[in-house]
Amino acid sequence: MKRDRPGSGGDRGHRGTVAAAAILAALLGAAPRPAEAQLDSGLTAIEGAGEAEASSTIVEIPAPITLRQAADGRIGVRLRLSVFFAWNDVRFQDIGGDDVTASLRTLTVVPGVELLIPVGERWLVRPYGQIGGLEALDVEGRRWMTSLGGRAAASWELDRWILTAGGRVDYGAVFDEDWRRTDDVGYVEIGADFSFPLGFDVRGQPAAAGIFIIPRLYLDPADVVGLDGFDLEVDAHLEIGASFQIRERPKIWFVSLPKWYGIGVRLAESKRSIRIYLGFPF
């Protein structure tokens, strides 16, 4: 999945250090803008760096535990554990004008609590709060992260098609190891998945495949750090992808598996990421 793009020849070690420093700056919110990036960690300073480009491969693994079901008008309660593995490749121009490419892997683990509120016959609204941490696996760097928001989803069966739709509003903040805030970001996104039956069953449940689309609008565009990695000064994303789903959650022994799986490509100016979902994102 990951595509390494090593830098070209020359003083590769020096440029690799500069690249790692720049990525770390973006990760920790130390670079306000690419054109005036300054590293306050004593590693390097990059003045007037060229426009940066980034690509990522991200795997999102939700691990929900339902404490109380939402039934008969009763509000449910669920524990959430969001886990993100991200492989980030960043390419930019160093002081000498040469292209530099470096990679950074990150692991984000953010537990939290969400309420399950039925609205009407189809919609389920889920306000949530999360707190956890992001760890850079290639260089020394750790940040605490918090997130407050809400999401909602519903599903309709339209003849042979299945329409699943949802949305999310989220505000997140990033803190250093001493709990000083270094970055924050808010966004709004909506999405829809159109699936059709495949004509076979998986563990006794009908299988379906489809396509999905998810646009996201950032409320405060900048070099932002989110739960699933960092973005280089983007205003919006558009994600398109393919999905596979089963009518009900299958079980293997005592483990319930997700019923929706997806792989998408998220596109934005100077930014592209491949995302793998184990569960509908809303």
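The values are calculated or read from the model by the stated rules, or taken from the named source; none is laboratory data. Note that the structure is predicted; figures quoted are calculated from it, not measured. When we count neighbours, we look across all protein chains shown, and the Cβ atoms used for this are built from the backbone with ideal geometry, even at glycine.
Is it fair to say Phe212 is free of Cβ contacts under 8 Å to residues at least 40 places away in the same chain and in a strand (DSSP E or B)? No: the conditions fail for Phe212. Take the stretch 94-108 and flag every residue that is buried (at least 18 other Cβ atoms within 10 Å of the Cβ) and either modelled with pLDDT of 80 or more or within 30 Å of Glu157 (Cα to Cα) (or both). Hits for the stretch 94-108 are Thr106, Thr108. Scanning the stretch 240-269 for residues that are in contact with a Leu (Cβ under 7 Å, 6 or more places away or on another chain) and modelled with pLDDT of 80 or more yields a count of 3.
Which residues, taken from the stretch 155-205, are charged (D, E, K, R), more than 30 Å from Ala136 (Cα to Cα) and surrounded by fewer than 17 Cβ atoms within 10 Å (Cβ to Cβ)? Glu157, Asp159, Arg160, Asp201, Arg203 - these are the residues of the stretch 155-205 that are charged (D, E, K, R), more than 30 Å from Ala136 (Cα to Cα) and surrounded by fewer than 17 Cβ atoms within 10 Å (Cβ to Cβ). Of the residues making up the stretch 193-209, just one is in a strand (DSSP E or B), among the charged types (D, E, K, R) and more than 21 Å from Pro281 (Cβ to Cβ), namely Asp201. Restricting attention to the stretch 239-273, report how many residues are more than 17 Å from Asp193 (Cα to Cα) and in a strand (DSSP E or B). Result for the stretch 239-273: 9.
Per this entry, Ala152 is not counted among residues that are assigned to a strand (DSSP E or B), buried (at least 18 other Cβ atoms within 10 Å of the Cβ), of a type in the set (A, V, I, L, M, F, W, C) and in contact with a Pro (Cβ under 7 Å, 6 or more places away or on another chain). When Glu135 is tested against the conditions (1) without any contact (Cβ under 8 Å) to a residue 60 or more places away in the chain; (2) in contact with an Asp or Glu (Cβ under 9 Å, 6 or more places away or on another chain), the lone failure is (2).
Determine whether Gln38 is of a type in the set (S, T, N, Q) and modelled with pLDDT under 50. Against the criterion (of a type in the set (S, T, N, Q) and modelled with pLDDT under 50), Gln38 qualifies. Just name the residue that is farthest from Thr146 (Cα to Cα) out of those in the stretch 104-125 that are assigned to a strand (DSSP E or B) and charged (D, E, K, R). Checked the stretch 104-125; the qualifying residue farthest from Thr146 (Cα to Cα) is Arg105.
From the list Arg216, Arg272, the one residue that fits, being modelled with pLDDT of 85 or more and within 18 Å of Asn88 (Cβ to Cβ), is Arg216. Every listed requirement among (1) touching a residue at least 60 places away in the same chain (Cβ under 8 Å); (2) within 22 Å of Thr108 (Cα to Cα) is met by Glu177 save one, (1).
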